[in-house]
1. One-quarter of the Cα convex hull surface for segment 437-565, in nm²?
2. Would you please state which residues of segment 100-132 a label at residue 214 would reach in this model, taking the label point 7 Å out along Cα→Cβ and a backbone N cut-off of under 17 Å?
3. Hey, what angle do you get for helix 547-560 against the long axis of the chain, alpha-carbon based, 0 to 90 degrees rounded to 10?
4. Stretched out fully, how many nm does the piece from residue 221 to residue 702 gain, at 0.36 nm a residue minus the Cα gap?
5. Using 0.36 nm per residue of separation minus the Cα-Cα distance, give me the extension gain between residue 579 and residue 709 in nm, one decimal.
6. Give me the distance between the Cα centres of segment 601-679 and segment 434-450, rounded to whole Å.
7. With angles folded into 0 to 90 degrees, how steeply does helix 324-336 sit against the dominant principal axis of the chain? Use alpha carbons for both and round to 10.
8. Within segment 597-611, find all residues whose amide N lies under 20 Å from a label point positioned 7 Å from the Cα of residue 523 along Cα-to-beta-carbon.
């Protein structure tokens, strides 16, 4: 053994070939934390000191190669400011450069994911052999940062400016065929041949059949383009990035600027330039938000796993009550992940609609080459449409998705409870009706929970699992487990009107309604909120949700929280509803919708809308963008804080992730809690006071006032 640590070992295999193996103790994956980086430096020194070593093969003892840097260490690092971050980057890169400078050939065997720092380790080797089961890439821009372990320096010199710009700015994971075509790897082999192929390459280098020093020199020198070629390449890359990333994601643009700045430099100077640009990206609010989201996502997954441990029950058969688009979407999602499901309705037409929805979604997968016709057939065979309850004794969990009417739901739930096993879980897909209220019609309320899917089911990652007053831990656990099997992220919330996501969304709509009442142009509001980062503005979102659905839900919210959600005026949204303008579903709402060439509804301005709402709105006037943002966002953020106060949602991390996954809160802002942290809690409370005259919805909750007084934040 040449070197042995808790993350890295180096041993001599024979023929002068050393194996440097990454195998981080007590972890399921390898990652570059500070300790691993320190061990890489020590392992490099040990190899350099051993005169028997003629070549190195780099491997992994895990099912992946290295998934990247340890993001949990970023908080302390990024809090030190630009200069400290840049210094860290230069020092970290000395380790990779020292390994690269070893005077022996180095070949890496990429057996699984090699991402971020993991792929940067691969680039420090002269040759890269990739398994057909592996993926490589530099996804740092998804965290609001850019490669910082020499990735922009080496990749550009290995695969060229154009390819490197696309790899780095898009941050996508690359499959073996693409990596080989672009020149990022030198060979692709089947997993069982990977080690042998890597060893063979090392031997060819040792025997002089391959000029490994020339391969290394390419990475040490400036790029091989003249000034005109450089200008054209970087101008093209910059234009592409500007169009794709937009103004809210600065990291891709910084990465390209960095590449251009260091193109004519040798490696060490280029790495210093990379470190400076990495530091600039790391201190942006976007990096703070996106790194925070990554950590919040990990916290949510950890919470879900903790819930799952509360049940030993396996869901081998599911059922959905109510077909149609929603029922068909739930059936598709369940069956596509391998769980058989019965789809029950009282009408053949509804079953046809549900099966049609599942078939349509599967057909699209086949058209895109993501699914074979055989696999499509297998998935459809797992969905059993029926008009009766014949096989419900076999079912482990039932998802009720009938019309959003308390009496209808209560009757259906009571009926099905008498036809199933005593331990069958019954979950309601209601979006607004109290789970505790619906449980009153059941003999076994402990087996009843809410399971709120978001539309369209196949696209929206979130499922709210709602705990009623009598819901058992086991029922919650089984439902979370099913959501995970369906490929969804479950967040457990406590029961209240609207649960969490709808409860906080409707105050946002309320803020919009008040703006329009006071003379704001709904189109102007949409434009401002879309520029703020929402995928669509509130008027457009209401049209997509369905104005009839929105009005119904708003009444539920008003009954539950009359002090801040019961308007004392008739809103423009109600006028839309009264005129049967329900939005996309019937072609007209705030906007009108006409199918485009692909059959998708295209939004168009309708002057009639202004005529219809004239009687309930003030004379048109312009509002400053900051006022529009404040008047829409404050009610939403305040309601999030109230939900945390009341323990409707367990943590700021879960609250933020629910908003991102459920209603498209701008990811680069990190969620409502992160948004307040970045503004400063005291500044946010002062903003609430500025608009306090608008009513209770704008009054900062006690939680926020206390945080402001104590100078604390949601996230440390």
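What follows is calculated from the coordinates using simple rules that are stated; it is not laboratory data. Only a predicted model underlies this, so the values are computations on that prediction, with no experimental measurement involved. Here the Cβ is made from the backbone with ideal geometry for all residues, glycine too, and neighbour counts use every protein chain on show.
1. 9.1 nm²
2. Of the residues in segment 100-132, 105-106, 126-128 have backbone N under 17 Å from the label point off residue 214.
3. 80 degrees
4. Numbers: separation 481, 0.36 × 481 = 173.16 nm, distance 5.97 nm.
Between residue 221 and residue 702, full extension yields 167.2 nm more.
5. On the way: separation 130, 0.36 × 130 = 46.80 nm, distance 4.80 nm.
Contour length minus Cα-Cα distance gives 42.0 nm.
6. One Cα centre to the other: 31 Å.
7. 30 degrees
8. 601-611
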